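Only one structure is covered here, and it is reproduced in the block below.
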Number of protein chains: 2
Amino acid sequence: MPTDTTPTGAPSGARSLEHPAREDIRLADVLHALADPMRLRIVCALAAAEGELNCADIELPVSKSTCTHHFRVLREHGVIQQIYRGTAKMNGLRRADLDALFPGLVDDVLRAADLQSRRLADEGDA
Amino acid sequence: MPTDTTPTGAPSGARSLEHPAREDIRLADVLHALADPMRLRIVCALAAAEGELNCADIELPVSKSTCTHHFRVLREHGVIQQIYRGTAKMNGLRRADLDALFPGLVDDVLRAADLQSRRLADEGDA
DNA sequence: GCGGTCATACGATAGGCGTCGTAGTACGGT
DNA sequence: ACCGTACTACGACGCCTATCGTATGACCGC
């Protein structure tokens, strides 16, 4: 409703996202973030892409709002980093930070997720 | 109220606990079980003991009921196994199953938990 | 048998979380 | 300048969960 779109001196062009510092990342938080199937899928996709991925590039069987929610959880728990690139928001795994804090954990989780999906697929096809 | 303590043919001496089969253990469930600080503590203690531990041998800053609850969550998600030994209930990590399903994961989580606790302790003492 | 101890079950409570829809905001292209 | 697109914010709903206290059941030693 306000006629001006720049209220109270807020920088309109600087859409910045809050990320926890490396030392503030907690194991329980990371595990919690990874414990949701949707988020696990996101993380796997991100790891497979090895680079930046648009939010919409990851197809999920949930609504847009829910998708945003999951991305935020991952970001606030230190699992991913997000930056704005034009209208899109690019996402990337914080591998360096996670590997430094919890060596090998991310790799093992990703491998475990892959193993399990294959196992379940085999069961289904058999 | 019933005068007999063996109602409807239920085996009174066979207090058996339900455990998921190895192939029914899901990664998301395990991560979820591990994502709670209390449960993480329990698992660490169990791993450190390398054997069986009485429920009461693990000191937790929660009530007895809550403790039982956490143990049950761990058991139902396939992280630990529990057997009755007299009045006590012995708990043990299901390392073989977990390592077979998710190689290296448990070790890394335990190592990560240890690393983090040291890191936090250092911060506190400094 | 009796009582003590360990653990459970059950109910209650408060908070968190996953999900959605709608309305709103930022940016890029025409 | 306008519109469409991409994402967000907010409120709502229902479910799950972490916590507790109390009452109950199972076992062991006497």
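The values are calculated or read from the model by the stated rules, or taken from the named source; none is laboratory data. Just so we're clear, the structure is a prediction, and the values are computed from it rather than from any experiment. Using ideal geometry, Cβ is built from the backbone for each residue, glycine included, and neighbour counts are taken over all protein chains shown.
A few points about this structure:
- Residue check, B:Ser117 free of Cβ contacts under 8 Å to residues at least 12 places away in the same chain, of a type in the set (Ser, Thr, Tyr) and touching a helix residue (DSSP H, G or I) at 6+ places or on another chain (Cβ under 9 Å): yes
- For A:Leu74, the requirement of being away from DNA strand D (no atom under 12 Å from the Cβ), surrounded by 16 or more Cβ atoms within 10 Å (Cβ to Cβ) and of a type in the set (A, V, I, L, M) is not met.
- Qualifying position, being away from DNA strand D (no atom under 16 Å from the Cβ) and either at pLDDT below 95 or within 14 Å of chain B (Cβ to nearest Cβ) (or both), among A:Leu40, A:Leu101: A:Leu101
Yes or no, residue by residue, for (1) closer than 23 Å to B:Ala35 by Cα; (2) within 14 Å of the chain's Cα centre (by Cα):
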| site | (1), (2) |
| --- | --- |
| A:Ser16 | no, no |
| A:Leu53 | no, yes |
| A:Ile58 | no, yes |
| A:Cys67 | yes, yes |
| A:His77 | yes, yes |
| A:Arg94 | yes, yes |
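- Residues (assigned to a helix (DSSP H, G or I), farther than 13 Å from B:Glu18 by Cα and near DNA strand C (Cβ under 8 Å from one of its atoms)) located in segment B:62-97: B:Lys64, B:Ser65, B:Cys67, B:Thr68, B:His69
- Test result for B:Glu123, more than 17 Å from the chain's Cα centre (by Cα) and of a type outside the set (A, V, I, L, M): yes
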